[in-house]
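Quick notes on the structure that follows.
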Amino acid sequence: MIKFVKRKPPDVKHNQRYFFFLLSGIIFLSVNSLFAQFEKEVLSVQQIRMAPTDSLKEYLNIAESVIYSNPRKGKLFVDQLLKRAEELKDQNSQAYALALNGVYYLTKANKDSCYLCFRDALSRLPEVDDREVHFMINNLFVRVSSRYQQFDTAASYLEKVRKLAEQLDKPKFYAAYYNNMGIQAGNMGKLNESYDYYIQALHYFAELDDKRNRAILNNNIGRVSQELGDHESAISYFEEAMAINRIYGDIYDLGMNYGNIGISYKELEKYDKALEAFNAAYLIAKENDFRIEMARALLNSAEIHMVKADTSQAEENYLVSLEICQANDIKYGTIFNNLGLASLYYYQKSYDKAWKHLDEAERVAREIQENKRLVDVYNLKVDLLKQRSDFEAALAYREKYIALKDSLSELANKQHLLDVKTKYEAEKKSLENLQLRTENKSKNVVIFWRTLFSLVLIVLLAILVVFIYNIRQSRKKLEKANQSLKELNNTITKQNNTLQESNQAKDKLLSVIGHDLRSPFNSILGLLQLMTTDFETFDKQEQKEILQTLYKQAGDTYQTVENLLQWALSQRGSIKCKVVPTNLSEVIYQEINFYKQKAEAKQISLLFKIDDEAYAMADKELMLIVFRNLINNAIKFSEASQEIIIRNYQTNNWQIVEIEDHGKGMTPDQLVALHSDQNLESTKGTHNEGGTGLGLQLVKEFMQMQNGKFELESMAGQGSTAKLCLPLVSSQNRSE
């Protein structure tokens, strides 16, 4: 809790300078030994480069303590932790580390960097799931907002801290909340409330045996005691805080303690002790680049030098402190230093210099609406104008001085009235509660019977509710049973349909075996019997014709058996389909060679117009069966001397193969049966070739299995065109 104290200097008497070389040497050695201790601690934590997520928060808690004792080492520590948190993608630790960087810049009076770090940390909170990290970041930001006099912002975040403390429900969080409440109440001038909050926090930290935070609270309680004018008690609190901070090496807090105890010594007019304390605070601040504390120590020591009539040293300290404040945007320090220099130059009768500094103090006071200091500016300007004999201007500033002072008094009175009103409302409410308790005693009997009646009614209602609930549960069970019965019926219906389809398939298979296979085998057996009994009676030409007939009958029978086998496998779902980049030209050519002799026997020309690189995504084995059936059908239903054209082309994402014949074609009824998945009846070929009627069904099913399409255009007496569509091979599939 920082305060720049302005005291109007007395008359200048003589020059004196005090140099505390021995004290400076002791403090310097102590600080460096503490730095060495924490350097060892920080270096021992280099293991964080391999630390797991669970350890990062613990290390960050250590880092927070190190920042206050050795900011440079603490900053290094935090940067390493932040890097490790980013590697682990730990949002909790990243947000906490950014907030600690903000605390570091706070110690350096770098307001912009401080707020930038906290804005980044706060923006990450929606992604942070650790409520303790939420608490710590919000709590630190309350301190930062209070330090930079952003009291409304501090109050807003303090409410968040309160809610988080209640959720976490642990002593250390309540202690931190009450400490910040004490700071906020002190900023609002409610010193008694501030003192009470600090005492509550102190009890929690004592319970936790947290000596470092006890030191902070002792410092804060000492500041409240100063404001209340009890400087002896304040010194006692500051000394206790200093003793703890020396043990733990909390250099930042120790420097604040020296500055605060110097203010109490100054108020008690123990100027030598005050100057000794301010010089110690300055040495610590300078060594660690604590800019606010440097400016504060120089300002306070300048006022002591004014008291001791050392105006030269006082002026030097004021100017250096002012330079630090202006460079680091420390508004209050800028006001107090300009007021101090104005007072000094006023008593040296350097009125122009004095007026210049008063103008600067007035400008900054107006900027931050610090009306109390504006009153001091007007008062000193009145005295200065009188010395210049400019009484008209002096009167004008005197009127401003009185108006502003009265306005502040009025605000203070309003605040006092508000406090009185609040106290009155509390007492009034207490009396009303007492009256209500008295009335309640007289109504106890009535309340008893009302309660009994209510209980009986509740029991009856409960019985009714249970009864209604049981009825509803019974209905639900009945509905559930009905639903289960419906589902069971649906399942049975589906199974019956499946069984019926299976029976139909078996009937079809038996019909084919009984009719379409029996006839070819009878023909083959007859020819074979003829060959075995009368072979010698046939000439070579007749023997050749008989063997050709046998070959033809055997080929047709093989095709029939193959289709039956593939159809049976497809019905059982036993066919495996593996779609890979396949050159259709090679597959088709293989089947053309197989049927070449059969086509020549009917004097049918097979025109092969397929690209050499006709690739598509297909299963080679399935496509062999597809082409075999379609080419066989084209030959079967074509007349002698006709042509069968096999060609391909590409469109969009499809590789398309067409097999065109000019044979018997199909009737519209046959096309409808094909598209509706009805079983086709076997049709004789142009030379009375037989079949099973399963070929086109197999083609359709196998194309669907390969994510392809099968289309058939046909007219009776004009021929048919079978169109096969397969996905093209993508560049990725081709590379694979």
Checklist entry - Which residue, of Leu696, Leu724, is at pLDDT 90 or above, among the hydrophobic types (A, V, I, L, M, F, W, C), open to solvent by less than 30 Å² (accessible area, probe 1.4 Å) and closer than 24 Å to Leu607 by Cβ? => result Leu724
Checklist entry - Is it the case that some residue within segment 667-687 is more than 60 Å from the chain's Cα centre (by Cα) and modelled with pLDDT of 85 or more? => result yes
Checklist entry - What is the one condition in (1) crowded, with 22+ Cβ neighbours inside 10 Å; (2) under 25 Å from Cys114 (Cβ atoms) that Arg291 does not satisfy? => result (1)
Next on the checklist: Take Ile330 and tell me if it is crowded, with 22+ Cβ neighbours inside 10 Å, β-branched (Val, Ile, Thr) and touching a Lys or Arg at 6+ places or on another chain (Cβ under 8 Å).
Outcome noted: yes
Item to check | segment 272-283 residues that are free of Cβ contacts under 8 Å to residues at least 24 places away in the same chain, paired with ones that are part of a helix (DSSP H, G or I) and not acidic (Asp, Glu) (beta carbon under 6 Å, 6 or more apart) | outcome: Lys273/Tyr265; Ala277/Tyr258; Ala277/Ile261; Ala277/Gly262; Tyr282/Ala297
Item to check | Sole exception among (1) within 19 Å of Glu293 (Cα to Cα); (2) open to solvent by 10 Å² or more (accessible area, probe 1.4 Å) for Asp272, by number | outcome: (1)
Checklist outcome for this item: Filter segment 538-560 for residues that are of a type in the set (D, E, K, R) and either part of a helix (DSSP H, G or I) or modelled with pLDDT under 75 (or both); the one that is most open to solvent (accessible area, probe 1.4 Å) is Lys540
Checklist entry - Restricting the search to segment 57-89, which residues are outside any helix (DSSP H, G or I) and buried (at least 22 other Cβ atoms within 10 Å of the Cβ)? => result Asn70
Item to check | Members of segment 130-158 that are more than 21 Å from Ala63 (Cβ to Cβ) and either outside any helix (DSSP H, G or I) or open to solvent by 20 Å² or more (accessible area, probe 1.4 Å) (or both) | outcome: Tyr148, Gln149, Gln150, Phe151, Asp152, Thr153, Ala155, Ser156, Tyr157
Item to check | Number of the exception - Lys602 against (1) over 30 Å from Leu499 (Cβ atoms); (2) open to solvent by 20 Å² or more (accessible area, probe 1.4 Å); (3) out of contact with any strand residue (DSSP E or B) (no Cβ under 8 Å at 6 or more places or on another chain) | outcome: (2)
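Conditions tested, residue by residue: (1) part of a helix (DSSP H, G or I); (2) closer than 30 Å to Ile625 by Cα; (3) within 55 Å of the chain's Cα centre (by Cα); (4) modelled with pLDDT under 70.
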position: Ser502; (1), (2), (3), (4): yes, yes, no, yes
position: Leu527; (1), (2), (3), (4): yes, yes, no, yes
position: Leu530; (1), (2), (3), (4): yes, no, no, yes
position: Glu536; (1), (2), (3), (4): yes, no, no, no
position: Glu562; (1), (2), (3), (4): yes, yes, no, yes
Item to check | Residue selected from segment 590-614 under the condition aromatic (Phe, Trp, Tyr) and modelled with pLDDT under 90, by the criterion farthest from the chain's Cα centre (by Cα) | outcome: Tyr595
Next on the checklist: Please determine whether any residue of segment 173-195 is among the aromatic types (Phe, Trp, Tyr) and not in a helix (DSSP H, G or I).
Outcome noted: no
Checklist outcome for this item: Scanning segment 205-234 for residues that are aliphatic (A, V, I, L, M), touching an Asp or Glu at 6+ places or on another chain (Cβ under 7 Å) and either open to solvent by 10 Å² or more (accessible area, probe 1.4 Å) or over 17 Å from Ile247 (Cβ atoms) (or both) gives Ile216
Checklist outcome for this item: Restricting segment 615-645 to residues that are within 60 Å of the chain's Cα centre (by Cα) and among the aromatic types (Phe, Trp, Tyr), the one most open to solvent (accessible area, probe 1.4 Å) turns out to be Tyr615
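The values are calculated or read from the model by the stated rules, or taken from the named source; none is laboratory data. Remember, it's a predicted structure, so these values are computed and weren't measured experimentally. Using ideal geometry, Cβ is built from the backbone for each residue, glycine included, and neighbour counts are taken over all protein chains shown. Ligands, DNA and RNA are excluded from the accessible area calculation, which covers all protein heavy atoms including side chains. Shrake-Rupley method; radii C 1.70, N 1.55, O 1.52, S 1.80 Å.
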